[in-house]
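Remarks on the structure that follows.
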Amino acid sequence: MSAVLSVLTILGLGSIVAALISWRVAISNNRQNWIDALREDLASYFRELESMHYAIGDFLGSTGPDSEKKKREARVAILFIYWRIVLRLNRMEATHNDLRNKLDELMIVREKAPNRDKIEEALDLARQILKREWDVTKYGIWTKPILKVKPTLKRWGDRLWGPN
């Protein structure tokens, strides 16, 4: 009788562990899909940003139905992508809010091409966010402790085996 009870206990615990592992895998897969979609939207945003600046820059100061239509089409194309990005960002995280502000600034058209320095700032921040989100996907609940220890381990490794 106690052997049967032991087997049932082990099976029950095994089922719980399997459920937790599959839950973690499902979350990781969804998170990875979110990261991939955000990356694609950011790339599309920067492509459309160039198009919008050229379309609006060509017609700065000019008026007429044709120029207004092209300006509107360029703006609508980038706004669609912009709002998809905004919906993917976490409004409770400062870096996400900073990225949104940087994307907002880029949509102000003053000349034919967007400001390269501002684009680089936005790209750098986007890379930081994507890297952080990837770390959370990879390490899960252990992200903070691992990221604290990782630089120390890298320094030790560099001392022992040389820099990568």
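The values are calculated or read from the model by the stated rules, or taken from the named source; none is laboratory data. Remember, it's a predicted structure, so these values are computed and weren't measured experimentally. Glycine gets a Cβ as well: all are built from the backbone with ideal geometry, and neighbour counts include every protein chain shown.
Condition check: buried (at least 16 other Cβ atoms within 10 Å of the Cβ), closer than 26 Å to ASN30 by Cβ and hydrophobic (A, V, I, L, M, F, W, C). Does ALA94 satisfy that?
Criteria not met by ALA94.
Which members of the stretch 86-106 meet the condition of being more than 15 Å from GLN128 (Cβ to Cβ) and in a helix (DSSP H, G or I)?
Scanning the stretch 86-106 gives VAL86, LEU87, ARG88, ASP104, GLU105, LEU106.
So that you can scan it fast, the table gives a plain yes or no per residue for (1) touching a Pro at 6+ places or on another chain (Cβ under 8 Å); (2) of a type in the set (D, E, K, R); (3) within 18 Å of GLU48 (Cα to Cα); (4) part of a helix (DSSP H, G or I):
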| site | (1), (2), (3), (4) |
| --- | --- |
| VAL109 | no, no, yes, no |
| LYS112 | no, yes, yes, no |
| ASP124 | no, yes, no, yes |
| ARG127 | no, yes, no, yes |
| TYR139 | no, no, no, yes |
| LYS154 | no, yes, no, yes |
| LEU160 | no, no, no, yes |
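I'd like the full set of residues that are within 12 Å of LEU49 (Cα to Cα) and crowded, with 16+ Cβ neighbours inside 10 Å, limited to the stretch 76-91.
ALA77, ILE78, ILE81, TYR82 - these are the residues of the stretch 76-91 that are within 12 Å of LEU49 (Cα to Cα) and crowded, with 16+ Cβ neighbours inside 10 Å.
For the stretch 90-104, what are the residues that are touching a helix residue (DSSP H, G or I) at 6+ places or on another chain (Cβ under 7 Å) and without any contact (Cβ under 8 Å) to a residue 24 or more places away in the chain? Even if it seems obvious, please write down each step before you answer.
Initial filter on the stretch 90-104 (touching a helix residue (DSSP H, G or I) at 6+ places or on another chain (Cβ under 7 Å)): 90-91, 95-96, 98-100, 102-103.
Correct list: ASN90, ARG91, ARG100, LYS102.
Just to be sure I understand, how many residues within the stretch 18-32 are at pLDDT 80 or above and among the basic types (Lys, Arg)?
Going through the stretch 18-32 one residue at a time, the tally reaches 1.
Are any residues in the stretch 105-149 over 22 Å from ASN33 (Cα atoms), surrounded by 12 or more Cβ atoms within 10 Å (Cβ to Cβ) and without any contact (Cβ under 8 Å) to a residue 40 or more places away in the chain, and if so, which ones?
GLU105, ASN115, LYS118, GLU121, ILE146, LEU147
So that you can scan it fast, the table gives a plain yes or no per residue for (1) at pLDDT below 80; (2) touching a strand residue (DSSP E or B) at 6+ places or on another chain (Cβ under 6 Å); (3) in a helix (DSSP H, G or I):
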position	(1), (2), (3)
ALA37	no, no, yes
LEU42	no, no, yes
ARG47	no, no, yes
MET52	no, no, yes
ILE56	yes, no, yes
LEU60	yes, no, no
THR63	yes, no, no
ASP66	yes, no, yes
ALA74	no, no, yes
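For the stretch 28-55, how many residues are free of Cβ contacts under 8 Å to residues at least 60 places away in the same chain and either more than 30 Å from LYS69 (Cα to Cα) or within 25 Å of the chain's Cα centre (by Cα) (or both)?
14
Answer with yes or no whether ARG91 is at pLDDT below 95 and over 14 Å from the mean Cα position of the chain (by Cα).
No: the conditions fail for ARG91.
Give SER6, SER15 a once-over and let me know the one that is under 36 Å from the mean Cα position of the chain (by Cα), in a helix (DSSP H, G or I) and either modelled with pLDDT of 80 or more or over 26 Å from ARG100 (Cβ atoms) (or both).
SER15
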